[in-house]
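Here the structure is laid out as structure tokens; the discussion comes afterwards.
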Amino acid sequence: MDIFIQQLINGLVVGSIYALIALGYTMVYGILQLINFAHGEIVMMGAMITISAISLLSGSGINLPGPLMVIAGLMIAIPITMLLGFTIERVAYRPLRKAPRLAPLITAIGISIVLQQVAVLIWKNNPRSFPDLLPHEPHNVFGAIITDLQIVIIVLAILVMGGLLIMVEKTKLGRAMRAVSMNQPVASLMGVNINYVISMTFVIGSGLGAVAGVMVGANYGLAYPTMGFMIGLKAFTAAVLGGIGNLAGAVAGGILLGIIESVGAGYLGPLTGGVLGSHYQDIFAFMVLILVLVFRPSGLLGERVAERA
């Protein structure tokens, strides 16, 4: 039972990160019907920029407590990733809004590859250790171990996701986003600035991606230029699982996928007689993706939408 609880805790931590990244995918899809495959690279950029910023601050003789140093690095990374998201939308996606759906999809994959290679040029193709600045004090929970860092990741993810949901439901920008997602022409006639709303969607999603990137780096202790590909695919799977275009679905899908992956990885070795180890845990994410697409393409909380004539 303690092994199960431990895997459940690990799943909640990883699932919180997946959920945060999945929100970036589902926000863009809900408004543009576009899968922004470059979002995984935005997450990577957030982690790499934060690590570089912390190194720069330390090298400049600025000595702050560990958590404050991480926050300072993140405060540098967030505006940069937001600007990057805005630029991607303005340069790569906006000219293709009325193009066939295949064109922006291919463009998104191309942008992802470009960002990855830019990161390789800047930071080389080597993992960078995430500075050990956050507390790792372990706590015993029914025989399982949860650290201060894991608690911080879960709580911070809940606060950020809750703040986003409140923003979408209660603010003027949130109402504009919902209007644009429902019907762009009608929203435009009602005075909504479509371009501004779409740009802000990319900006907010990129900011969330930077926060998620720092969580990934802190949780695993390292970051590298190619990390965005796999984490992005898993977060996309979480968005599909929950119902892409549905914010609550993205949160539920991310947490559920994290738990499935962690619990599955914990029992994969014994179930297969040692043939498959925990390093094969990635298969669970893609098995879930295939099953959802086959049996419930709209996701757990998604609505079935009739194809327009």
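Is it the case, given these coordinates, that Thr147 is farther than 23 Å from Ala92 by Cα, in contact with a strand residue (DSSP E or B) (Cβ under 6 Å, 6 or more places away or on another chain) and of a type outside the set (Lys, Arg)?
Working: farther than 23 Å from Ala92 by Cα: yes; in contact with a strand residue (DSSP E or B) (Cβ under 6 Å, 6 or more places away or on another chain): yes; of a type outside the set (Lys, Arg): yes.
Yes; evaluated as a whole, the condition is true for this residue.
One line per residue, one yes/no per condition, for (1) open to solvent by 10 Å² or more (accessible area, probe 1.4 Å); (2) out of contact with any Asp or Glu (no Cβ under 8 Å at 6 or more places or on another chain); (3) under 13 Å from Gly205 (Cα atoms); (4) in a helix (DSSP H, G or I):
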position: Ile9; (1), (2), (3), (4): yes, yes, no, yes
position: Val13; (1), (2), (3), (4): no, yes, no, yes
position: Leu23; (1), (2), (3), (4): no, yes, yes, yes
position: Ile31; (1), (2), (3), (4): yes, yes, yes, yes
position: Ile54; (1), (2), (3), (4): no, yes, no, yes
position: Leu57; (1), (2), (3), (4): yes, yes, no, yes
position: Leu64; (1), (2), (3), (4): yes, yes, no, no
position: Leu74; (1), (2), (3), (4): yes, yes, no, yes
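When you scan the stretch 153-272 for helices (runs of 4 or more DSSP H) that lie fully inside it, which ones turn up with 3 or more residues that are within 12 Å of the chain's Cα centre (by Cα)? Reasoning before the result, please.
Details: elements: 172-182, 184-189, 194-220, 227-242, 247-271.
Ranges flagged: 194-220, 227-242, 247-271.
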Residues of the stretch 249-269 classified as more than 15 Å from Ala157 (Cα to Cα) and of a type in the set (Val, Ile, Thr), total: 3
Subset of the stretch 33-52 (residues that are under 14 Å from the mean Cα position of the chain (by Cα) and either surrounded by fewer than 21 Cβ atoms within 10 Å (Cβ to Cβ) or not small (Gly, Ala, Ser) (or both)): Ile35, Asn36, Phe37, His39, Glu41, Ile42, Val43, Met44, Met45
Qualifying residues in the stretch 86-133 (those that are part of a loop (DSSP other than H, G, I, E, B) and open to solvent by less than 40 Å² (accessible area, probe 1.4 Å)) - the one farthest from Leu74 (Cα to Cα): Ala99
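Looking only at the stretch 138-147, decide whether some residue is touching a Gly at 6+ places or on another chain (Cβ under 9 Å), surrounded by 17 or more Cβ atoms within 10 Å (Cβ to Cβ) and modelled with pLDDT of 90 or more.
First, the residues of the stretch 138-147 that are touching a Gly at 6+ places or on another chain (Cβ under 9 Å): none.
No; the residues of the stretch 138-147 include none that is touching a Gly at 6+ places or on another chain (Cβ under 9 Å), surrounded by 17 or more Cβ atoms within 10 Å (Cβ to Cβ) and modelled with pLDDT of 90 or more.
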Every pair of residues 6+ apart whose Cβ atoms lie under 6 Å, when the first sits in the stretch 246-271 and is over 28 Å from Gly174 (Cα atoms) and β-branched (Val, Ile, Thr) while the second is modelled with pLDDT of 85 or more and open to solvent by 10 Å² or more (accessible area, probe 1.4 Å): Val263/Gln7
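Being farther than 22 Å from Ile35 by Cβ, out of contact with any Cys (no Cβ under 6 Å at 6 or more places or on another chain), buried (at least 22 other Cβ atoms within 10 Å of the Cβ) and of a type in the set (A, V, I, L, M): is that true of Ile153 here?
On the way: farther than 22 Å from Ile35 by Cβ: yes; out of contact with any Cys (no Cβ under 6 Å at 6 or more places or on another chain): yes; buried (at least 22 other Cβ atoms within 10 Å of the Cβ): yes; of a type in the set (A, V, I, L, M): yes.
So Ile153 passes the test.
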Long-range neighbours under 7 Å by Cβ, at least six apart or interchain, first residue open to solvent by 20 Å² or more (accessible area, probe 1.4 Å) within the stretch 184-212, second of a type in the set (S, T, N, Q): Ile194/Gln184; Ile194/Ser188
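The values are calculated or read from the model by the stated rules, or taken from the named source; none is laboratory data. Keep in mind that what you see is a predicted model, and the values were worked out from it rather than measured. Note that each Cβ is placed from the backbone with ideal geometry, even for glycine, and that neighbours are counted across all protein chains shown. Just so you know, the surface numbers come from the protein's heavy atoms only, side chains and all, with ligands and any DNA or RNA stripped out. Shrake-Rupley method; radii C 1.70, N 1.55, O 1.52, S 1.80 Å.
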